[in-house]
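Report on the following structure.
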Ligand code: PGA
């Protein structure tokens, strides 16, 4: 798949059923721009509603926020990629920093999750990003490059077409502090050129790289001004339909 503008929302573990349905209805009523691709990563328990209401009615895709690396089996509480595929969920987020930090997911495990997701026909939004400590040490580009190498470099050229990368500096997630447009562009350009030189120009050119970390209506246009920033993965600001619409509009105009 070639490079696309993508506005992705990540609800994380927010919204009870009635509120989730209301937000889905509110987003359905907003008439989102058609020239960008929109994805909402909603809690797994609501994915079937999302498929029926968002995908089938207004063409917004849904994503799971995680899946297990094994095909099936005795993994109480987990969700298999094949289950997601069986209800027509097209995307899964893999490697979000909250999964890495609170559930100890490491690069090797994430590489397996990517394989299982792709084997089941899902597209993957693969997250990467450095802590504040690593940013301050100046090793951020090397660190994030290694996350990409370990998580994705075993894939074939064809498989890369089902990958979207989301760069999310941990120090900017949910903190209100955003990377500057220059910091976002610098990392995105560095990742794209690393992928071009170590994999291929075609893979790098076709890859959509999203920025995540306190994107909101007031800073979205600036963030999207970077030529290597293809969209955003939005947490808190995706929980309000109007705010998310403003971000989608800013991406559409970028
Ligand atoms: P935030 O979250 O927009 O609330 O910072 C982004 C994310 O974690 O995907």
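Taken together, the values in this text are just the output of simple stated rules run on the coordinates, not laboratory data. Treat the numbers as computed from the prediction; the structure is a model and nothing was measured. Cβ coordinates were reconstructed from backbone atoms using ideal geometry, including for glycine residues, and neighbour counts include every protein chain displayed.
Mind checking which residues of the stretch 148-177 are assigned to a helix (DSSP H, G or I) and over 14 Å from residue 209 (Cα atoms)?
Result: 149, 150, 151, 157, 158, 159, 170, 171, 172.
Assuming residue 186 fulfils every condition listed in (1) more than 16 Å from the ligand (Cβ to nearest atom); (2) assigned to a helix (DSSP H, G or I); (3) farther than 17 Å from residue 170 by Cα apart from one, which condition is it?
The failed condition is (3).
Out of the residues in the stretch 113-127 that are within 16 Å of residue 165 (Cα to Cα) and part of a helix (DSSP H, G or I), state the one that is farthest from the ligand (Cβ to nearest atom).
115
All but one of (1) under 24 Å from residue 12 (Cα atoms); (2) assigned to a helix (DSSP H, G or I); (3) within 16 Å of the ligand (Cβ to nearest atom) hold for residue 211; state the number of the condition that does not hold.
With respect to (1) under 24 Å from residue 12 (Cα atoms); (2) assigned to a helix (DSSP H, G or I); (3) within 16 Å of the ligand (Cβ to nearest atom), residue 211 is out only on (2).
Being within 16 Å of the ligand (Cβ to nearest atom) and under 18 Å from the mean Cα position of the chain (by Cα) narrows it down to one residue among 150, 130; which is it?
It is 130.
Condition first: assigned to a helix (DSSP H, G or I) and touching a strand residue (DSSP E or B) at 6+ places or on another chain (Cβ under 9 Å). Now tell me which residues in the stretch 27-45 satisfy that.
27, 44
Name the residue that is farthest from the ligand (Cβ to nearest atom), counting only residues in the stretch 89-112 that are touching a helix residue (DSSP H, G or I) at 6+ places or on another chain (Cβ under 7 Å) and within 19 Å of residue 161 (Cα to Cα).
Among residues in the stretch 89-112 that are touching a helix residue (DSSP H, G or I) at 6+ places or on another chain (Cβ under 7 Å) and within 19 Å of residue 161 (Cα to Cα), the one farthest from the ligand (Cβ to nearest atom) is 111.
Kindly indicate the residue of the stretch 218-245 that is within 17 Å of residue 10 (Cα to Cα) and away from the ligand (no atom under 14 Å from the Cβ) and also farthest from the chain's Cα centre (by Cα) among those meeting that condition.
242
In the stretch 164-183, which residues are more than 11 Å from the ligand (Cβ to nearest atom) and either closer than 13 Å to residue 225 by Cβ or in contact with a helix residue (DSSP H, G or I) (Cβ under 8 Å, 6 or more places away or on another chain) (or both)?
Those that are more than 11 Å from the ligand (Cβ to nearest atom) and either closer than 13 Å to residue 225 by Cβ or in contact with a helix residue (DSSP H, G or I) (Cβ under 8 Å, 6 or more places away or on another chain) (or both): 165, 180, 181, 182, 183.
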